[in-house]
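Throughout, read-outs are computed from the coordinates displayed, never taken from laboratory work. The structure presented is a predicted model; accordingly, all values stated were derived computationally and were not measured. Don't worry about glycine lacking a Cβ; one is built from the backbone with ideal geometry, like all the others, and counts go over all protein chains shown.
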Amino acid sequence: MSRRFHLPDVIPVFPLPGALLLPRARLPLHVFEPRYLAMLDDALKTETRLIGMIQPDRMSEKAGGTGLHRIGCAGRITQFSETEDGRYMVTLSGLSRYRILEEIEGFTPYRRCKVSWEGFDRDLAGSEHDPDFDRDAFTGTLERYFVSCGLDADWASLKDADDELLINSLSMLLEFAPEDKQALLEAPSLSTRRETLVTLIEFALRGGGRAEDKMQ
């Protein structure tokens, strides 16, 4: 799946506010809407089994656009189970970011887009490292954030995790507004993603609030 010719030009897209997928990370999904059940059924029939996660864009929608951000991340369905009442429990393994070129009109109940994978070669090149990562300072900031939010953590596991796993997992799991999640997605490197993550955490610690507070 890491070779370019395996990446299709058209993929189904799943707009889900606040749900962030990053390359080499895993995103569990609980799917129950009929249109997305159909999307999964169709994706499972393809060789690539790709779903393109994407953040909705309210400004684009108001301006008469697609209502989607231009950059998302595609994941491959790597785990799949069906409940007795017809819901799907799936896991997407992040493969590569993509850029939407245009939406494809068709007869599917879900949305499909023509995409470009250009500019995201780094996503397919293996794990990233953050050479300037000050783990002690980062952990201290993170501990203060967790205390302020009333969150618990397995600090031993966090301290042992490699740079990419730690930064990307926190980017996906912590509660930030959809626009903040988009900024984390679009960060050009692991270092810039970590810098963005620290900025968001420090903003919350200064009273900026979590995403759930901003949206109320």
Nearest-ten-degree value, helix 190-203 long axis tilted from longest Cα axis of the chain: 60
When the Cα atoms of region 22-99 are enclosed in a convex hull and the volume is divided per residue, what value in Å³ results? 101
Cα centroids of region 144-188 and region 75-141: how far apart, whole angstrom? 16
What do you get for the angle between helix 135-149 and the principal long axis of the chain? Use alpha-carbon atoms, 0 to 90 degrees, nearest ten. 80
Treating only the Cβ of Lys, Arg, Asp and Glu as charged (+1, +1, -1, -1), what charge dipole size does region 4-122 show about its Cα centre? Round to the nearest 20 debye. 460
Given H placed 1.01 Å from N in the peptide plane, which residues other than close sequence neighbours of I104 have an amide H under 5 Å from its amide H? R112, C113, K114
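Rounded to the nearest 20 Debye, what is the dipole magnitude of the chain about its Cα centre when Lys and Arg each give +1 and Asp and Glu each give -1 at the C-beta?
520
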In whole Hz, the Karplus estimates of ³J(HN,Hα) for region 45-54 (6.51, -1.76, 1.60; θ = phi - 60°; x where Gly or Pro) are 7, 9, 5, 7, 6, 9, 10, x, 6, 8
Taking the DSSP beta bridges in region 4-122 as the whole, what percent of them are antiparallel, to the nearest 5? 90
Report the Cα-based extents of the chain along its three principal axes, largest first, to the nearest Å. 51, 41, 40
Using Cα atoms only, what is the angle between the long axis of helix 34-44 and the major principal axis of the chain, expressed in degrees (0 to 90) to the nearest 10? 80
Given an 8 Å cut-off on Cα distances and at least 6 residues of separation, report the relative contact order of region 135-214 as a percent. 38
Proximal lysine pairs, the chain, alpha carbons under 26 Å, eight or more residues apart or interchain: 7
